[in-house]
Amino acid sequence: MTLSFFNHNLILNTDSYKSSHWEQYHPGTQAMFSYIESRGGAYPETVFFGLQAILKEYLSRPITLDNIEEAKEFFQTHGEPFNEQGWLHILNTYGGYLPLRIRAVPEGSVVSVKNVLMTVESLDPATFWLVSYLETLLLRVWYPTTVATISWHIRQSIQSYLDDTSDHPHDQIAFKLHDFGARGVSSTESSALGGLAHLVNFKGSDTVMALLAARRYYNEPMAGFSIPAAEHSTITSWGRNLETEAYANMLRLFAKPGALLAVVSDSYDLFNALEIWGTQLKQQIIDSGATLVIRPDSGNPTEIVLATLQKLESYFGCTVNQKGYKVLEHVRVIQGDGVNPVSIVAILDVMKANGFSADNVTFGMGGGLLQQLNRDTQAFAMKCSAVQINNAWVDVYKDPVTDPTKASKRGRLSLYRNLTTNKLETRRINEIKGYEDMMVTVWENGQLVKEWNFSEIRKRAEITI
């Protein structure tokens with residue numbers, strides 16, 4: 001399975017102007033050190049994820065002479081100089097593998113913003129410029145990291161309502177946010193990496209590419225699960241006069257003891273559909289032993305979810321749990337329209353205020369999960385912080401007077417845990433007395449030297465560092 005859209009010529013996986021940079025550095029430059037961080041953004045913590053997939057997909061194969069020839073022709077035609085001798089050196093000396101070291105916090109780590117998450121350093125004076133050349137590719141780790149971050153924070157929100165209103169708050173959380181986002185992203189690769197990032201925190205997904213990516217990159221046979229569910233076409237193709245028969249057909253096919261099935265119910269009139277479920281098909285639902293999950297798919301999400309719950313309560317009844325909140329019998333609701341981090345909290349809040357447990361609802365999230373974000377959501381940047389010139393390391397930084405938030409860090413850095421306060425801090429690598437290094441070398445000279453399994457990553461994300 002290949003998830004990438006273009007060919008695997010790594011030399012072309014960059015910005016045009018990068019091809020002109022190797023000659024622009026100070027004479028005598030021998031080495032370069034850069035870091036990636038979230039400088040701030042919408043959330044105070046980030047969940048680092050996705051680097052291993054990027055490394056396996058793009059850096060694991062050596063460059064070839066054909067790659068060099070292709071890149072040479074491209075950049076000359078494009079109007080940029082090309083470092084042919086530099087790339088030939090990599091081919092002839094290292095067999096086409098890039099002489100770099102990449103260190104990173106373990107994937108799944110929850111790290112406060114304004115701290116380094118990964119570093120990249122050169123290992124050959126003749127190819128120090130590679131560090132910056134790969135910025136375009138490596139900084140794309142912002143995307144799976146940001147999706148994992150959004151998903152992680154939503155999990156915290158849902159968990160808090162489960163803690164308040166459910167008798168079994170930890171048994172359900174893994175399936176409370178379902179990924180509906182595959183059709184709403186910009187590419188197949190986005191659905192794979194973004195969908196997989198969501199699965200760091202949850203186990204519900206309809207994004208097939210994410211599950212395949214988990215197998216390919218993180219040794220996880222099946223990272224997520226789904227249930228039989230109707231879409232509008234499978235209901236409306238029966239015609240409005242046979243709406244009841246369309247619903248009954250879903251029950252005949254999938255309503256088995258202990259099973260779950262989901263049916264979108266707003267194709268015509270949601271409240272009429274709820275009456276059908278609660279009268280004509282009520283006994284069939286009860287006798288089946290299954291749990292029917294009804295999907296209202298239009299209207300104001302906060303109002304519609306509450307109204308749906310209240311109607312279902314009138315038809316199917318509720319039990320009151322030990323915390324005093326109502327739990328529907330035989331049926332549940334999944335809200336998949338207008339779902340985002342804000343609306344989820346609003347829905348759960350109005351449910352709680354009206355005496356309904358968070359047990360009763362699951363959320364499906366599409367564009368808000370995988371597409372309504374960008375590099376600025378968590379203010380990601382990759383910056384050079386040190387170079388070695390004539391055997392001496394020199395700090396490198398930017399400090400624009402017009403925007404102090406873009407000031408960059410200085411020196412060779414890592415992320416450390418203060419052994420006294422337990423706090424995570426970014427520090428220079430020679431200022432580490434009383435600190436534990438939290439970063440590990442994951443990639444060196446074209447080889448993945450530390451590999452994380454998806455189960456390890458999930459466990460790590462459950463711990464707030």
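The values are calculated or read from the model by the stated rules, or taken from the named source; none is laboratory data. Here the structure is a predicted model, which means the values were calculated and not measured. Positions of Cβ are backbone-derived with ideal geometry, glycine not excepted, and every protein chain shown enters the neighbour counts. Only protein heavy atoms, including side chains, enter the accessible area calculation; ligands, DNA and RNA are left aside. Shrake-Rupley method; radii C 1.70, N 1.55, O 1.52, S 1.80 Å.
Quick one: work out the % antiparallel among DSSP beta bridges in the chain, nearest 5.
Of all bridge pairs located within the chain, approximately 70 percent are antiparallel.
Take the eigenvalues of the Cα gyration tensor for the chain, scale each by 5, and report the square roots as semi-axes in whole Å, largest first.
Computed over the chain, the values are 50, 25, 17 Å.
Relative to the first principal axis of the alpha-carbon coordinates of the chain, what is the inclination of helix 65-78, with its axis defined by its Cα atoms, in degrees from 0 to 90 and to the nearest 10?
Value to nearest ten degrees: 90.
I'd like the accessible area for CYS318: 1.4 Å probe, protein heavy atoms, all chains in place, Å² to the nearest 10.
40
Tell me, what is a quarter of the convex hull surface for the C-alpha atoms of region 283-336, in nm² with one decimal?
For region 283-336, averaging the hull's shadow over all directions gives 4.3 nm².
Would you mind counting up the charge near LEU448? Only other residues with Cβ under 14 Å from its Cβ, with Lys and Arg at +1 and Asp and Glu at -1.
Every neighbour counted, the sum reads +2.
Near ASN321, within a Cβ-to-Cβ distance under 12 Å, what is the net charge of the other residues, with Lys and Arg +1 and Asp and Glu -1?
Net of charged neighbours comes to -1.
How much solvent-accessible surface does ASP171 expose, in Å² to the nearest 10, with a 1.4 Å probe and all protein chains in place?
Approximately 120 Å² of ASP171 is accessible to the 1.4 Å probe.
Return one whole number: the accessible area per residue of region 1-119 in Å², for a 1.4 Å probe.
41
Taking the alpha-carbon centroid of each part, what is the distance from region 307-349 to region 3-56 in angstrom?
If we compute the Cα centre of each part, the gap is 45 Å.
Relative contact order for region 84-198: what percent, with Cα pairs under 8 Å and sequence separation of 6 or more?
Once divided by the residue count of region 84-198, the mean separation gives 20 percent.
Quick one: longest stretch of the chain between exposed loop GluC sites (Glu not before Pro), exposed meaning at most 16 other C-beta atoms within 10 Å and loop per DSSP?
Counting at most 16 other Cβ atoms within 10 Å as exposed, the longest clean stretch of the chain is 24-230.
In square angstrom, rounded to the nearest 10, how much accessible surface does ARG101 have for a 1.4 Å probe?
60
Hey, got the Cα dimensions of region 1-140 along the principal axes, in Å, largest first?
In descending order, the Cα extents are 45, 42, 28 Å.
Give me Rg/Rg_expected for region 339-443, where Rg uses Cα atoms only and Rg_expected = 2.2 N^0.38 Å with N residues.
1.70
Looking at GLN283, THR302, LEU59, which one has the Cα that reaches farthest to the positive end of the dipole of the chain (charges on Cβ: Lys, Arg +1; Asp, Glu -1)?
The listed residue farthest towards the positive side: LEU59.
Convex hull over the Cα atoms of region 202-316, averaged projected area in nm²?
With every direction weighted equally, the projected area is 8.4 nm².
What is the sum of charges, Lys and Arg at +1 and Asp and Glu at -1, for the other residues whose Cβ falls under 12 Å from the Cβ of GLN172?
0
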